[in-house]
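Heads up, the thing below is written out as structure tokens.
The values are calculated or read from the model by the stated rules, or taken from the named source; none is laboratory data. From a predicted model like this one, the values you see are computed outputs, not experimental measurements. Backbone-built Cβ (ideal geometry, glycine too); neighbour counts: all protein chains shown. Ligands, DNA and RNA are excluded from the accessible area calculation, which covers all protein heavy atoms including side chains. Shrake-Rupley method; radii C 1.70, N 1.55, O 1.52, S 1.80 Å.
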Amino acid sequence: RNEFTSDTVFWQEQIGHYWRLMNIGETEIRNVMDMNAYCGGFAVALNKFPVWILNVVPASMKNTLSGIYARGLIGIYHDW
């Protein structure tokens, strides 16, 4: 549980910075692929934006896909 919370807090802070740096409107990005989705915190941080996010858990990482599904997110396990 602590890993999920810290991952979410980290990405919430980062999304604010990213959005300002990109200097784009909220509806200019529609689809996002998180190719290194650890606990899905990136997708959770983007939930206030109208985007669709695919979480990809690499085969070389700890398999956290079940946790991503438990958060109500979608994702895949992939070996690049």
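Computed values, structure above
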{"read-out": "Restricting segment 63-79 to residues that are over 13 Å from D34 (Cα atoms) and part of a loop (DSSP other than H, G, I, E, B), the residue that is most open to solvent (accessible area, probe 1.4 Å)", "value": "D79"}
{"read-out": "Boolean, V51 is at pLDDT 90 or above and in contact with a Lys or Arg (Cβ under 9 Å, 6 or more places away or on another chain)", "value": "yes"}
{"read-out": "Unmet criterion (only one of (1) touching a Leu at 6+ places or on another chain (Cβ under 9 Å); (2) surrounded by 15 or more Cβ atoms within 10 Å (Cβ to Cβ); (3) among the polar types (S, T, N, Q)) for Q12", "value": "(1)"}
{"read-out": "First in segment 66-78 and in contact (Cβ under 8 Å) with a residue 60 or more places away in the chain, second anywhere and assigned to a helix (DSSP H, G or I) and open to solvent by 70 Å² or more (accessible area, probe 1.4 Å), Cβ under 9 Å, 6 or more apart", "value": "G67/E3"}
{"read-out": "Residues within segment 1-31 that are farther than 15 Å from A45 by Cβ, modelled with pLDDT of 85 or more and among the charged types (D, E, K, R), tallied", "value": "2"}
{"read-out": "Residue match in segment 17-26 (condition: over 14 Å from the mean Cα position of the chain (by Cα), surrounded by 12 or more Cβ atoms within 10 Å (Cβ to Cβ), assigned to a helix (DSSP H, G or I) and at negative phi)", "value": "yes"}
{"read-out": "Counted residues, segment 27-46 - those being open to solvent by 90 Å² or more (accessible area, probe 1.4 Å), in contact (Cβ under 8 Å) with a residue 12 or more places away in the chain and charged (D, E, K, R)", "value": "1"}
